Structure formats: C-alpha cells, structure tokens
Amino acid sequence: MLSNSKLITVDSLTEQSLHDLFALRCVAVRVPEFYDPTYSKALSDLLYQEIDASVSGGIYESDIDSFWNVTSDPSRRERYFGGALPLQQRLRRLSAPHPSPIDLLRATLDERWPGGSTLMSMEGRKMPFGITRAWRTGSEGLPHQDVLHRESSDPEFKAMAGQLGVNIYFDTADEGGELEVWDHRVTDEQYADIAEQYPGSYGYPRETLPESAVLIKPEPGDLVLVNTSCVHAIRKITKGRRLTVSGFVGNFRTDLPLRCWS
Ligand SMILES: O=C(O)CCC(=O)C(=O)O
Ligand SMILES: [Fe+2]
C-alpha cells in the first residue's frame, strides 16, 4: 500500500526539510500554496503562450532547452547559456506586479540553506533556472532519475552531494498527471551496466521497480521538491493539461550555496 510516509508536507520550506530530503529520510517535500493559487492560473495562461516549438520536443513542450538536450549540440548549447538571464527577466515581467515564482524559490532557498543559494555556472556562464514545461493530454514522464554527473563529464559535478528536482505547479491536469516517487535508487554502478538501454537514466520499466512510495496530485501554487536520485515518474495526463516551472538544485556542502539550473 502506498502510505505517502516518505512525503513531508510543510507550510514553508525549512532547513530541516531540505536536510531530510538530501539524506533520503523522505523522497519528496511538498509546500502547498508556495505561490498564490489565484495568481498561478493567470500566470499559466501567459506561460502557455511562451512555448517555443524550436526547442526540443519530447514528452513536454517548453520555452527553452534543458541542459541534457544541449550537451552534444554547440549551437543549442550557445542558445541555452544565452537564454539564462532573459529567462529570469521574462518571468519577472510576466509575473508583475507579483514576484517571479522562481525568484521567490531562489530567495527562499538562500534564506533557509546555511550556505545560501545561487544560479549554477558552467565554464563561467550562468545556466537557466526555471524552464516552463507544458504537458498536454496524453503525455507522461516514464520512471527516471536526474543525476547531473551522468550527463556531464565535468569533474566538479562528481562532488555534488545531492540533486533535487523543484517544480512549481501553475496549471494541473483534470485527470492524471500525478507525480509518483519510488523509495528506490538505481546506483551509478548499476546504471553503468544499463546506460545504453536507458539513455539519460530515462524509461525504467515499472515491472523492474518495487511499489512506489509517494503519489502527489499537485494543486496550483504547490511547490514540490524531489530527490532525483530516487526514481520518479509523471503519470499519464488523461484529461486537461499541466504547466510547471521546473529546475534542479544541487547540494555541494551545507556551508556552500545550493546551485540552481534547469
Ligand atoms: O513535473 C513533475 O511533476 C516532475 C518533473 C521531474 O521529473 C523532475 O522535476 O525531475
Ligand atoms: Fe525528473
């Protein structure tokens, strides 16, 4: 039975809940109404219009590539880094007169984490944080992990002590679209043997996994943080559509800044 005992729900993000998530005392943390739900719907209407057909398609539509889509394409990579600051500025403009939800998240992490929080840089360039992901009816995200050092050979990322997926939900599906998280990790050693079968740590068959531990049906305005070393999936959206602003947060040490990218 799915007990959701590995889910922590908090009124506001705390240092303790972040430590619990990095240490896998839980697999997900939910902050209901992190962003005002009445602003969320209005913002989602604007963000749907920003979807860019020229960024990589796949399971969701977006306004900017994710890092893993640009690693082997120099022109996409250039566009990705060039988009980092315009992305922040556009979300501020679309959210005004309310705060940008991604600024609010980065400031909250800065206040709560001993070492603070900052945008991730790579080779001296800022990375985008807070991409829009629009999930249409019929789409789903298969069981996967997000582990940066499997996507980049940069030795710096090997030192990362943990990675979180952070999602703020602005529009949610009428049916389906739940976030499912397993209390289960495919280790780097295990992944090395199956990497060719599951590029990007994506698409593990459900029958190879234990029962999932957490199932979240997000509401507009919710923030959900997942330890992305745990296998997680987005159940098929069978009615309606779903829009998130999404990113990752890397922990390099408690006394160093969390680093944020998408
Ligand atoms: O959209 C979601 O609920 C989760 C997306 C995801 O896979 C992640 O944040 O790593
Ligand atoms: Fe993920």
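The values are calculated or read from the model by the stated rules, or taken from the named source; none is laboratory data. Treat the numbers as computed from the prediction; the structure is a model and nothing was measured. Note that each Cβ is placed from the backbone with ideal geometry, even for glycine, and that neighbours are counted across all protein chains shown. The protein model used for the area step is the full one, side chains on, heavy atoms only, and it has no ligands, DNA or RNA in it. Shrake-Rupley method; radii C 1.70, N 1.55, O 1.52, S 1.80 Å.
Which FRET efficiency, nearest 0.05, do Arg253 and Glu50 yield, Cβ-Cβ r, R0 51 Å?
Given R0 = 51 Å and the Cβ-Cβ separation, E is 0.90.
What whole-number value in Å² describes the accessible area per residue of the chain for a 1.4 Å probe?
Normalised by residue count, the accessible surface of the chain is 44 Å².
Using a 1.4 Å probe over the heavy atoms of the protein chains, calculate the carbon and sulfur portion of the accessible area of segment 7-250 as a whole percent.
For segment 7-250, the apolar C and S fraction of the accessible surface comes to 49 percent.
Provide the gained length on full extension for the span Arg93 to Arg136, in nm with one decimal, where the gain is 0.36 nm per separating residue minus the Cα-Cα distance.
13.0 nm
Output ³J(HN,Hα) for segment 214-225: one whole-Hz value per residue in order, computed from phi by the Karplus curve 6.51 cos²θ - 1.76 cosθ + 1.60 with θ = phi - 60°, and x for Gly and Pro.
9, 10, 10, 9, x, 10, x, x, 5, 10, 10, 10
Amide H neighbours of His184 under 5 Å, counting only residues 5+ apart in sequence or on other chains, H built in-plane at 1.01 Å?
Result for His184 returns Val231.
Using helices alone, what [θ] at 222 nm do you get for the chain, with -39,500 (n - 2.57) per DSSP H run of 4 or more residues, divided over all residues and rounded to the nearest 500?
Taken over the chain, the calculation gives -6500 deg cm²/dmol.
For Asp188 and Thr108, FRET efficiency with R0 = 35 Å and r from the beta-carbon atoms, rounded to 0.05?
0.70
Could I have the simple spin-label model distance between Thr71 and Thr9, label points 7 Å from Cα toward Cβ, reported in nm to one decimal?
Placing both labels 7 Å along Cα→Cβ, they lie 3.6 nm apart.
First measure r as the distance between the Cβ atoms of Leu24 and Lys217, then evaluate 1/(1 + (r/R0)^6) with R0 = 25 Å and state the FRET efficiency to the nearest 0.05.
So, using R0 = 25 Å, E works out to roughly 0.65.
Relative to a virtual label point 7 Å from the Cα of Met160 in the Cα→beta-carbon direction, which members of segment 131-151 show backbone nitrogen distances below 13 Å?
Answer for this model: 145-151.
Expressed as a whole number of Å, what is the distance separating the alpha-carbon centroids of segment 16-93 and segment 98-175?
7 Å
For a quick protection proxy, order the peptides 197-209, 236-248, 6-18 by their average other-Cβ count within 10 Å, most packed first.
236-248, 6-18, 197-209
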